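Have a look at the structure below before the remarks.
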Amino acid sequence: MSVMTVQGLRDAASLGVITPHEHILIDLRNQFTAHPEATRTAYAEQEVNIRNLDVLSRDPYAVRDNLLMNDVGLAETELLEYKKAGGDTVVDATSIGIGRDPEALMRISRATGLNVIAGCGYYTYDTHPPDMDRRTSQQIAEEMIRDLTVGMAGTLVRSGVIGEIGTSREIMPNEKKVLVAAAAAHRQTGAGVIVHTYPWGKEGLKALQILKDGGVPPRKVSINHVDVDIDPAYCAQIARAGALFEFDDFGKEFFIDRRFRGFAGGVFARDIERVKALKRLIDEGHLHQILVSCDVCLKTLLHRYGGWGYDHILTHIIPMMLDEGITPQQIDVILKDNPRNFLDMGPAA
């Protein structure tokens, strides 16, 4: 069993506690849409600061600057809180077009002593390069395979997972093309596939079918963001199909009212609702299909800006899980075994 980190090959057994979907550095500003209402344009172009944290606590997409995380020193400081809380490995799911920086990830991994596993491929269609219409799935697959076996973006820093591969409210043609390419890249490398889904939709099963048709075993597919608008029956469908479903929005309890919905579709579940849903799904027999993380992708999710940080699950959610009757042994399966098995690329990595 082996995995590829930004510092090279590691024994999968050495990964310890894993957060399987985070963003150490990311730039989502190209998805920011200013609202014409005067009361919102007043702060839309401000830097994140104490004077706009009230607005951002409800609508984190109201300030463009909140969608940018590019401070390497701050990333190291924040990740050390995760390490102090007992974390060992971070999967950086930042894909091409939203600020992926392979060499910075390697420096951060060295500075913190954490395992960092980097993603490859493309996010949602609105972040794709201008020539994506002309690219074939084979060309995209070859790029992913190169990232996984040689190095990303002309470096020798290799990806260790595919994704996050973006899909939208409905899967767009070029998003389907990228999923087909991801399947081809998996067949060549054995890497798991992280699938971003629209959090208020249910396209995960369609994305899973595309990957299965391309030869990806469901156990190597992680369907993400199912814990924003929680539907346990939908999660159970994913699990019965053999894939993993990921509750990866711990710490996000936002309410975006209808006047300002754009990039995000609406209300986010609360953490206690997430934990109660996990307990139900465990009791229904789906323990080995569950992944959890925080998907830190906004400044205000960091401690520096008043958020809970990368350590939120280890520091705050585990006690909540225990209170709801999830056992320490089950928590170990979720935090260690499930992500390790998903990330394992086998002996050929």
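Here are a few things to note about the model shown:
- In order along the range 91-100, the Karplus-derived 3J(HN,Hα) couplings, from 6.51 cos²θ - 1.76 cosθ + 1.60 at θ = phi - 60°, round to 8, 8, 8, 6, 9, 5, x, 10, x, 4 Hz, and Gly and Pro are given as x.
- Sparse packing (at most 11 other Cβ atoms within 10 Å of the Cβ) combined with a DSSP loop state is found for the following chymotrypsin sites (Phe, Trp or Tyr not before Pro) in the range 219-321: PHE255.
- Charge sum, other residues only, whose C-beta stays under 13 Å from GLU47's C-beta, Lys/Arg counted +1 and Asp/Glu -1: +2
- The HN-Hα couplings worked out from phi for the range 161-171 by the Karplus form 6.51 cos²θ - 1.76 cosθ + 1.60 (θ = phi - 60°) are 7, 9, x, 7, 7, x, 10, 10, 3, 10, 6 Hz, whole numbers, x standing for Gly and Pro.
- The range 228-312 - percent of accessible surface contributed by carbon and sulfur, probe 1.4 Å: 46
- Summed residue charge, Cβ within 9 Å of PRO199's Cβ, Lys/Arg positive, Asp/Glu negative: -3
- Dividing the summed -39500 (n - 2.57) terms of all DSSP H runs of n ≥ 4 by the residue count of the chain sets its mean residue ellipticity at 222 nm at -9500 deg cm²/dmol.
- Among the listed pairs LYS177/LYS299; LYS83/LYS202; LYS276/LYS336; LYS202/LYS252, those beyond 22 Å (Cα-Cα): LYS177/LYS299; LYS83/LYS202
- Surrounding net charge for GLY97, when Lys and Arg each add one and Asp and Glu each subtract one, Cβ distance under 10 Å: -1
- Carbon + sulfur, % of accessible area of the range 66-115 - ligands and nucleic acids excluded, 1.4 Å: 45
- Per residue accessible area of the chain, 1.4 Å probe, in Å²: 40
The values are calculated or read from the model by the stated rules, or taken from the named source; none is laboratory data. Please read these numbers as outputs of a predicted model, since none were measured by experiment. Because the Cβ atoms are built from the backbone with ideal geometry, glycine has one as well, and the counts that use them run over all protein chains shown. Side chains included, ligands, DNA and RNA excluded: accessible areas come from the protein's heavy atoms. Shrake-Rupley method; radii C 1.70, N 1.55, O 1.52, S 1.80 Å.
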